[in-house]
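Undergrad: Okay, here's the structure, questions in a sec.
Just so you know, all these numbers are worked out from the coordinates, no wet-lab data involved. All values derive from a computational prediction rather than experimental measurement. Cβ placement follows ideal geometry from the backbone for every residue including glycine, while neighbour counts extend to all protein chains displayed.
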Amino acid sequence: MPDQLTKPISDLPKLAHLRFLLIIFSVALLLLPLVTTSERTAPDWVYFLGRFHPLIIHFPIVLLSLLLLLELLNRTAWKVLSNPLRWVILVIASLSSLLAVTLGYLLYRTGDYSGDLVVSHLWLGLGVASGALLLLFFQLNIRWDKTNVSQYLYGLVLLLTNGILVLASHQGGSLTHGSDYLTDYLPSWQTVPEKSEAEMLVYDDVIVPMLDAKCYSCHNEHKTKGDLLLTSLTSMTQGGKSGQPGLIAGEAEQSEVWKRVTLPYSHDDFMPPDGKPTLTSTEINLLEWWIDRGADPTLDYLTALEDSSASLPLQSYATELRAAQRKQWKADKALTDLVQQVSYEAAPFLIEHDEENSQQLTLQMPFPPGAFTDQDLIDLRPLYPQLVSVSLIGSDISEDALYHLGQMPQLRELSLQKTQIKGSGLVYLTELSRLETLDLSHTQVTDNHLLYILQMLALKDVYLYETLVSPQLVETLKLHSSSVNIHLTRSPSY
């Protein structure tokens with residue numbers, strides 16, 4: 001009886017021919033993504049079962065990795081893998097990989113996940129399951145193979161399957177946590193410029209980043225809402241329209257900046273206004289502590305940590321800031337690399353970072369303008385999501401270019417001065433939900449197509465200097481759209 005229990009499964013005669021079904025099945029698995037369904041919405045049972053994929057996937061990951069480790073150890077003096085154990089691991093790994101890929105396919109069919117990364121992850125998952133079945137085949141085939149080819153192929157497929165498993169696992173993690181989740185803190189990759197704690201100042205490295213993230217967008221050199229400028233300590237102390245000092249050293253409760261951020265949300269003077277990210281309780285407490293401490297711009301970080309009331313929130317917030325700065329640096333670098341990819345020497349355009357947001361871009365023509373055509377605009381397609389201001393003054397674009405301009409979801413300002421635009425393509429701009437300024441000066445726009453501007457809900461200013469639009473239509477537009485200022489004079493950027 002003991003001998004029969006340890007007898008290899010490959011000794012069973014019935015498996016001699018059935019083993020070839022494993023090859024057929026492994027190939028058939030790769031056809032799974034080609035299966036289509038007429039259902040627009042997946043039924044509830046697909047959602048229910050599909051969400052078990054992350055749970056089951058850990059079984060084949062562990063078992064196939066373990067099998068590779070044990071096989072490698074078996075080639076040394078350590079004989080740790082017996083034939084029955086090998087078969088137990090192989091069978092469970094194959095079954096669990098089949099179950100995992102089936103549940104993963106159901107999750108894919110729900111439509112909750114889409115994109116190239118998901119499709120690639122699906123193919124790699126199928127590759128793992130197919131590899132597990134081939135491992136079973138070659139292990140069974142060793143019994144009848146007199147040339148040891150099956151033994152060699154078994155080892156090769158085991159290595160290849162584990163390699164695919166690593167890639168599939170990384171992509172699964174990327175889908176859940178982001179593409180840089182594993183490499184985000186890899187020391188050899190980090191070139192992020194960071195200060196040491198001994199070099200840090202509370203004002204420069206804690207208070208300024210806090211205000212930059214939550215307040216500077218409305219209180220900077222280019223936009224001083226309420227005449228309050230917060231980008232320097234001196235201007236913050238002076239205050240704005242209210243006549244009250246924005247900051248009084250040593251007296252947080254008397255400082256207008258602190259008062260505004262601690263008002264009830266419903267209060268008209270609460271800052272930041274609706275739609276803007278508000279300061280967290282930790283940020284408010286740190287701001288209060290710093291002002292009460294004297295609002296000293298030279299207070300160093302290590303000295304501040306000696307205050308027990310500020311030590312814990314400072315350390316916690318500094319950690320958050322470093323993570324945010326690391327993320328911002330990587331995002332800026334990625335965007336810079338993208339700009340470099342689409343730019344070339346003597347390019348007929350200038351691309352710059354937006355003054356208010358480094359993750360947004362502006363596009364303008366150089367002076368004197370070059371031959372910028374529709375194709376040049378198409379070549380810049382990778383930058384469409386980041387463009388907020390586009391000036392094509394004097395360019396050679398045609399009416400068709402307006403279609404591509406309509407694919408820029410963040411676009412706020414658009415200048416088409418001195419182009420051959422006639423107006424029929426303005427319909428493509430009606431989907432731009434953020435477009436506030438449109439300059440059509442010195443174009444051939446006529447009455448027939450100008451009515452499209454009524455469908456641009458965010459539009460505030462339209463410039464029609466030296467166009468074919470009649471004064472009568474302008475008056476009609478002013479009556480029907482009080483929110484849009486129609487100018488027949490030159491724009492500030494003329």
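Undergrad: Only Cα pairs under 8 Å and at least 6 apart count here; give the relative contact order of the chain as a rounded whole percent. Don't jump to the answer; show the numbers that get you there.
TA: On the way: 671 pairs, mean separation 34.4, N = 494.
Reported as a whole number, the value is 7 percent.
Undergrad: Using a Förster radius of 45 Å, what is the FRET efficiency between Asp145 and Gln340 based on their Cβ-Cβ separation? Nearest 0.05, please. The partial results should precede the final answer.
TA: On the way: r = 55 Å, r/R0 = 1.21.
Here the calculated transfer efficiency is 0.25.
Undergrad: Let me know the charge dipole size of region 278-375 about its Cα centre in debye, to the nearest 20, where only the beta-carbon of Lys, Arg (+1) and Asp, Glu (-1) is charged. Before the final figure, lay out each step's value.
TA: Details: 6 positive and 16 negative charges, 75 e Å.
So the magnitude is around 360 debye.
Undergrad: Taking a 23 Å limit on the Cα-Cα distance, which of the listed pairs Lys333/Lys418; Lys195/Lys333; Lys259/Lys327; Lys214/Lys259; Lys241/Lys460; Lys422/Lys460 fall beyond it?
TA: Working: Lys333/Lys418 35 Å; Lys195/Lys333 19 Å; Lys259/Lys327 31 Å; Lys214/Lys259 15 Å; Lys241/Lys460 25 Å; Lys422/Lys460 21 Å.
From Lys333/Lys418; Lys195/Lys333; Lys259/Lys327; Lys214/Lys259; Lys241/Lys460; Lys422/Lys460, over 23 Å: Lys333/Lys418; Lys259/Lys327; Lys241/Lys460.
Undergrad: Here's another thing I want to ask about it. Mind checking the full-extension length gain between Leu85 and Thr234? Use 0.36 nm per residue of separation minus the Cα-Cα distance, one decimal, nm. Kindly include the intermediate steps, with their values, before the conclusion.
TA: Working: separation 149, 0.36 × 149 = 53.64 nm, distance 7.48 nm.
Using 0.36 nm per residue and subtracting the Cα-Cα distance, I get 46.2 nm.
Undergrad: How many nm separate the modelled label positions at Trp123 and His267, each set 7 Å beyond the Cα in the direction of the Cβ?
TA: Each label point lies 7 Å from its Cα, and together they span 5.8 nm.
Undergrad: Here is a further query. When N counts the residues of region 345-487, how does its alpha-carbon radius of gyration compare numerically with 2.2 N^0.38 Å, as a ratio? Please list the in-between numbers first.
TA: Numbers: Rg = 14.6 Å, N = 143, 2.2 N^0.38 = 14.5 Å.
So the Cα radius of gyration is 1.01 times the expected 2.2 N^0.38 Å.
Undergrad: Moving on to the next point. How big is the dipole moment of region 296-451 about its Cα centre under a simple scheme where the beta carbon of each Lys and Arg is +1, that of each Asp and Glu is -1, and everything else is neutral? Debye, nearest 20, please. If you can, show how the numbers build up before the last one.
TA: Numbers: 10 positive and 23 negative charges, 68 e Å.
The calculated dipole for region 296-451 is roughly 320 debye.
Undergrad: So between Arg51 and Leu159, what do we pick up on full extension, going 0.36 nm a residue minus the alpha carbon distance?
TA: Details: separation 108, 0.36 × 108 = 38.88 nm, distance 2.89 nm.
Extra length from Arg51 to Leu159 when fully extended: 36.0 nm.
Undergrad: Turning to a different aspect of this structure: What full-extension length gain, to one decimal in nm, is calculated for Asp44 and Ser481 as 0.36 nm per residue of separation minus the Cα-Cα distance?
TA: On the way: separation 437, 0.36 × 437 = 157.32 nm, distance 4.70 nm.
The Asp44-Ser481 span can extend by a further 152.6 nm.
Undergrad: Could I ask something else about it? Rounded to a whole number, what is D in µm²/s for region 239-316 from Stokes-Einstein with the Kirkwood radius over alpha-carbon pairs (10 °C, 1.306 mPa s)?
TA: 118
Undergrad: Moving on to the next point. Which translational diffusion coefficient, to the nearest whole µm²/s, is obtained for the chain from the Stokes-Einstein equation, given a Kirkwood hydrodynamic radius over C-alpha pairs, 37 °C and 0.692 mPa s? Present the calculation step by step, with values, prior to reporting the outcome.
TA: Working: Rh = 29.0 Å.
Estimated diffusion coefficient is 113 µm²/s.
Undergrad: Shifting gears a bit: Non-local amide H neighbours of Ser415 (under 5 Å, H modeled in plane, Pro and chain starts lacking H): which ones?
TA: Val390, Ser391, Leu392, Asp439
Undergrad: Let me ask something additional. Pairing the Cα long axis of helix 20-29 with the longest principal axis of the chain, what angle in degrees results, from 0 to 90 and rounded to the nearest 10?
TA: 10
Undergrad: Using +1 at the C-beta of Lys and Arg and -1 at the C-beta of Asp and Glu, which of Gly243, Val149, Leu175 has the Cα lying farthest in the positive direction of the dipole of the chain?
TA: Highest projection toward the positive end goes to Val149.
Undergrad: Between Glu436 and Ala458, what is the label-to-label distance in nm when each label sits 7 Å out along the Cα-to-Cβ direction?
TA: 0.9
Undergrad: From the P(r) of region 388-441, could you give the percentage of C-alpha pairs in the tail past 15 Å? Please list the in-between numbers first.
TA: On the way: 541 of 1431 pairs.
Value for region 388-441 (Cα pairs over 15 Å): 38 percent.
Undergrad: What dipole magnitude, in Debye to the nearest 20, does the chain give about its Cα centre under +1 on Lys/Arg Cβ and -1 on Asp/Glu Cβ? All intermediate terms of the calculation are to be shown ahead of the outcome.
TA: Numbers: 33 positive and 53 negative charges, 571 e Å.
For this selection, approximately 2740 debye.
Undergrad: Quickly estimate the mean residue ellipticity at 222 nm for the chain, helices only: each DSSP H run with n ≥ 4 gives -39500 (n - 2.57), and the total goes over all residues, rounded to 500. Working shown, then result.
TA: Numbers: 19 runs with 225 residues, N = 494.
When only DSSP H runs of four or more count, the value is -14000 deg cm²/dmol.
Undergrad: Hey, another quick one. Taking R0 as 22 Å, what FRET efficiency do you get between Glu251 and Asn357 from their Cβ-Cβ distance, rounded to the nearest 0.05?
TA: 0.10
Undergrad: Can you check what the net charge comes to around Leu85, using other residues whose Cβ is under 13 Å from the Cβ of Leu85 (Lys, Arg +1; Asp, Glu -1)? Don't skip to the end; give the middle numbers.
TA: Values: positive: Lys79, Arg86; negative: Glu71.
Result for the neighbourhood of Leu85: +1.
Undergrad: Moving on. Need one number: convex hull volume per residue for region 2-177, Cα atoms only, in Å³.
TA: Values: hull volume 25.1 nm³, N = 176.
Measuring per residue, one finds 143 Å³ for the Cα hull of region 2-177.
Undergrad: Let me ask something else about it. How far apart, in nm, are two points set 7 Å out from the Cα along the Cα-to-Cβ line at Leu305 and at Leu468?
TA: Those two pseudo-labels are separated by 7.1 nm.
Undergrad: Related question: Using packing as a proxy for protection, rank 387-394, 470-477 so that the peptide with the highest average count of other Cβ atoms within 10 Å comes first. List each step's numbers first, then the result.
TA: Details: 387-394: 20.5, 470-477: 13.6.
Descending packing order for the listed peptides: 387-394, 470-477.
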